[in-house]
Amino acid sequence: MPVTRRCVLNEKRDQAGIHLFEIIKGDLGDVDKEWLAKQTYLSGELWSYVENSGCCQTELRIRSRISLTEPGKTAPTFEVFLPLDGFFDHDQSTLDKEKLKLARRLARELASKVITALANRK
């Protein structure tokens, strides 16, 4: 399975007592169910992304959810819902730059919430 080289979660994994986060790309339905049942894993989704653009400005909105499931459990131990908004003037930036900034912010904030939740459950 392909694993990404850089993971925002791995930057702070020691705070939560985690050895390594690996990212499995693809559908969890394609992963061996016996192996998965023995793992602590995160799953998540983006269920809303909106670009509201006018003549001079654009508003970006994204809604995301991430959940942690521990070995032997069928229901998540915790879930994090995170809505984010961004806004920029077209004279100051571009849509591509702002989408990348929003994506990086989303990754940082989700990772922070997950690390905090993992660290606090001990």
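The values are calculated or read from the model by the stated rules, or taken from the named source; none is laboratory data. Given the structure is predicted, the values throughout are model-derived calculations rather than measurements. Cβ sites come from the backbone with ideal geometry, for glycine too, and all protein chains shown count toward neighbours. Just so you know, the surface numbers come from the protein's heavy atoms only, side chains and all, with ligands and any DNA or RNA stripped out. Shrake-Rupley method; radii C 1.70, N 1.55, O 1.52, S 1.80 Å.
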Next on the checklist: What does the C-alpha gyration tensor say about the overall shape of region 10-62? Classify as rounded when a/c is under 1.5, otherwise prolate if a/b is larger than b/c, or oblate.
Outcome noted: oblate
Checklist entry - Extension gain Glu45-Thr116, at 0.36 nm per residue separation less the Cα-Cα distance, in nm? => result 23.6 nm
Checklist entry - How far is helix 95-120 tilted off the main Cα axis of the chain, in degrees rounded to 10, range 0 to 90? => result 30 degrees
Checklist entry - Roughly how big is the chain's charge dipole about its Cα centre, with Cβ charges of +1 (Lys, Arg) and -1 (Asp, Glu), in debye to the nearest 20? => result 460 debye
Item to check | Kirkwood Rh (inverse of mean 1/r, distinct Cα pairs), region 30-88, angstrom | outcome: 13.7 Å
Next on the checklist: Based on Cα coordinates alone, diagonalise the gyration tensor for region 62-122, multiply each eigenvalue by 5, take square roots, and list the semi-axes in whole Å, largest first.
Outcome noted: 32, 11, 8
Checklist entry - Relative contact order for region 40-122 using alpha-carbon pairs under 8 Å, separation at least 6, rounded to a whole percent? => result 24 percent
Checklist outcome for this item: Of Glu109, Glu34, Glu11, the most mobile residue in a GNM of the chain (C-alpha springs, cutoff 10 Å) is Glu34
Next on the checklist: Under 13 Å between alpha carbons, and skipping anything fewer than 8 positions from Lys113 in its own chain: which aspartates and glutamates qualify?
Outcome noted: Glu79
Item to check | Å² per residue, accessible surface of region 52-122 at 1.4 Å | outcome: 62 Å²
Checklist entry - For the chain, taking Cα atoms only, what is the radius of gyration to one decimal and the Dmax to the nearest whole Å? => result 16.8, 53
